[in-house]
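Contents: one structure, followed by commentary.
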Amino acid sequence: MRNFGNSTAFVILGVFILSCVSHVRSDASDHRYKEGDPVPLYANKVGPFHNPSETYRYFDLPFCSPDHVKEKKEALGEVLNGDRLVSAPYKLNFREEKDSSVVCKKKLSKDEVVFFRKAVEKDYYFQMYYDDLPIWGFIGKVDKEGKADPSEYKYYLYKHIQFDVLYNKDRVIEISARMDPHLLVDLTEDKEVDAEFMYTVKWKETGTPFEKRMERYSMSSSLPHHLEIHWFSIINSCVTVLLLTGFLATILMRVLKNDFIKYGQDEEAADDQEETGWKYIHGDVFRFPKYKSLFAAALGSGTQLFTLTVFIFMLALVGVFYPYNRGALFTALVVIYALTSGIAGYVATSFYCQLEGTNWVRNLLLTGCLFCGPLFLTFCFLNTVAIAYSATAALPFGTIVVIVLIWTLVTSPLLVLGGIAGKNSRAEFQAPCRTTKYPREIPPLPWYRSAIPQMAMAGFLPFSAIYIELYYIFASVWGHRIYTIYSILFIVFIILLIVTAFITVALTYFQLAAEDHEWWWRYINSIFVFISPMLFALLF
């Protein structure tokens, strides 16, 4: 198993490094230009500011488009991220200033005016990339000043953009876009209007080195106020761990000590008294769980997801996922998940065979479909909705074919190889005590001692240890925040694992003390309930 894991790790790192090297960059791969050289500028997408997940292609709005719209070839992760880069109509040559240069003169039809007005009403913004640097700007504004009735609002479209570019010798360091609030197109009425779209380019030299040009995008996460909140999260998590450790040390150790003293009495006294508690079910506690094939498949899939999470953290800590490294995270998720499928096959099959399972092939198929099956059904629904609304979240047919080929040619063979290795290296399940032939009847328990209420109540501590970091993660997934402090996230993740382990031990003991010997599923469900928020945040 150790050799298998080491070889898998090397393969994962090697393939991911190759994918990063082959990552599609700007046309000038070294990002060095001479005066007057064309610098690649791509228009990406538009969408409502208050819903970053809803994005559309840039030219879905009737902007001025070049004669030949050229689509940029994108990596798999960029497509999964919803990026659809096309050539922009603006020409920003290196160190070449322009003043109110006309892009195009266009007569907007009534339908185009209505289209633009709806976009302005929803605070649509646009995103572009200039030499791999992101640019944002709003397409218009709503004049609400002094107007109480929404029917009196005025809607305007910006028709002039000023690009301010900073450079250091022969490299672009920073770029921003400003809209001229005085050059507007009135979209209030449903009538044809004439629009002349223009842009201005200003260049200014800076001393910021090229290697630090991405730091400005991660500054918001590193501000003292945010760092103070993050450290408060860690302190809160550490206090939770200390309290939980003290609880276990004080309660469980005292109870276990009394149990051992009672069970360690001489044989005559032990024969005279009736066994109670967890000692009473010693002949049933290692009885194989129900639905052992599904149990082994869940254990294998969970191990794979945990391994995937660890590798993602490793790549994040070494700086692979710097801000706006388009598609790097999604590429890593797809590649690493495909290459770690052998771990799922090995763990599931070996454990299934230890539980005296016979149909290991069916168990292997179940392992492969346990995570991918629900994910595929969810993807089909969401992708259908995205196609219906022409959103950039809809994956092209070619990308779907690539993902299917990865699953067919990489994930499935490695899953089978892992299953074969697990079957051949299985060991017999050796319980420390003999299992009785017939299971004992589980005494009736109060409703709050059943599985769902117990896990819900016990989930409060793990959630309290990570809820602050979850807020920042979800704000970056469904908002405009950028999460870059992966070191703090890794510390919180370790604390989450410790809290989860302690809570699981406590729940298992209390369940066995209540003479409930069906602990297998309760144990694995507890782990998934506690750790699923962090896994969801990392994977999606």
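The values are calculated or read from the model by the stated rules, or taken from the named source; none is laboratory data. If you're wondering where the values come from, they're calculated on a predicted model, not measured in any experiment. All Cβ positions, glycine included, derive from the backbone under ideal geometry; neighbour counts span all protein chains shown. For the accessible areas, the whole protein counts, side chains as well, though only heavy atoms, and no ligand, DNA or RNA atoms are used. Shrake-Rupley method; radii C 1.70, N 1.55, O 1.52, S 1.80 Å.
Could you check how many residues of the range 486-514 are open to solvent by less than 50 Å² (accessible area, probe 1.4 Å) and more than 28 Å from Tyr471 (Cβ to Cβ)?
6
Report whether or not Cys372 is open to solvent by less than 70 Å² (accessible area, probe 1.4 Å) and assigned to a helix (DSSP H, G or I).
Details: open to solvent by less than 70 Å² (accessible area, probe 1.4 Å): yes; assigned to a helix (DSSP H, G or I): yes.
Against the criterion (open to solvent by less than 70 Å² (accessible area, probe 1.4 Å) and assigned to a helix (DSSP H, G or I)), Cys372 qualifies.
Ser237 is checked against (1) modelled with pLDDT of 70 or more; (2) open to solvent by 30 Å² or more (accessible area, probe 1.4 Å); (3) farther than 30 Å from Lys105 by Cβ; (4) not assigned by the TED database to the domain that holds Cys369 and fails just one. What number does that condition carry?
Status for Ser237: all satisfied but (2).
Scan the range 31-47 and give yes if some residue there is of a type in the set (Asp, Glu) and farther than 24 Å from Arg481 by Cβ, otherwise no. First the steps, then the outcome.
Going residue by residue through the range 31-47, those that are of a type in the set (Asp, Glu) are 35, 37.
Next, from what is left, pick out any that are farther than 24 Å from Arg481 by Cβ: 35, 37.
Checking the range 31-47: at least one residue is of a type in the set (Asp, Glu) and farther than 24 Å from Arg481 by Cβ.
Going through Leu339, Leu317, Leu329 one at a time, which residue ends up being crowded, with 21+ Cβ neighbours inside 10 Å, in contact (Cβ under 8 Å) with a residue 12 or more places away in the chain and aliphatic (A, V, I, L, M)?
On the way: Leu317 fails: crowded, with 21+ Cβ neighbours inside 10 Å; Leu329 fails: crowded, with 21+ Cβ neighbours inside 10 Å.
Only one candidate passes the filter, namely Leu339.
Quick test for you: out of Phe115, Phe59, pick the one residue that is farther than 24 Å from Gln162 by Cβ, surrounded by fewer than 19 Cβ atoms within 10 Å (Cβ to Cβ) and either in contact with an Asp or Glu (Cβ under 7 Å, 6 or more places away or on another chain) or at pLDDT 90 or above (or both).
Values: Phe59 fails: farther than 24 Å from Gln162 by Cβ.
So the residue among Phe115, Phe59 that is farther than 24 Å from Gln162 by Cβ, surrounded by fewer than 19 Cβ atoms within 10 Å (Cβ to Cβ) and either in contact with an Asp or Glu (Cβ under 7 Å, 6 or more places away or on another chain) or at pLDDT 90 or above (or both) is Phe115.
Can you tell me which residue within the range 518-540, out of those that are at pLDDT 75 or above and open to solvent by less than 50 Å² (accessible area, probe 1.4 Å), is nearest to the chain's Cα centre (by Cα)?
Trp520
Has the range 433-441 got any residue that is without any contact (Cβ under 8 Å) to a residue 12 or more places away in the chain, within 22 Å of Lys290 (Cα to Cα) and assigned to a helix (DSSP H, G or I)? Show your work before the answer.
Let us first name the residues in the range 433-441 that are without any contact (Cβ under 8 Å) to a residue 12 or more places away in the chain, namely 437-438, 441.
From what is left, the residues that are within 22 Å of Lys290 (Cα to Cα) are 437-438, 441.
Right, trim to assigned to a helix (DSSP H, G or I) and you get none.
Looking for residues that are without any contact (Cβ under 8 Å) to a residue 12 or more places away in the chain, within 22 Å of Lys290 (Cα to Cα) and assigned to a helix (DSSP H, G or I), one finds none in the range 433-441, hence no.
Looking for whichever is touching a strand residue (DSSP E or B) at 6+ places or on another chain (Cβ under 8 Å), among the aliphatic types (A, V, I, L, M) and either assigned to a loop (DSSP other than H, G, I, E, B) or assigned by the TED database to the domain that holds Leu339 (or both) here; the options are Ala427, Ala391, Ala421, Ala386. Which one fits?
Details: Ala427 fails: touching a strand residue (DSSP E or B) at 6+ places or on another chain (Cβ under 8 Å); Ala421 fails: touching a strand residue (DSSP E or B) at 6+ places or on another chain (Cβ under 8 Å); Ala386 fails: touching a strand residue (DSSP E or B) at 6+ places or on another chain (Cβ under 8 Å).
After ruling out the rest, the residue left standing is Ala391.
So that you can scan it fast, the table gives a plain yes or no per residue for (1) at pLDDT 90 or above; (2) over 30 Å from Tyr509 (Cβ atoms):
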{"residue": "Pro289", "(1), (2)": "no, no"}
{"residue": "Gln304", "(1), (2)": "yes, no"}
{"residue": "Val318", "(1), (2)": "no, yes"}
{"residue": "Pro323", "(1), (2)": "no, yes"}
{"residue": "Ala328", "(1), (2)": "no, yes"}
{"residue": "Tyr352", "(1), (2)": "yes, no"}
{"residue": "Glu356", "(1), (2)": "no, no"}
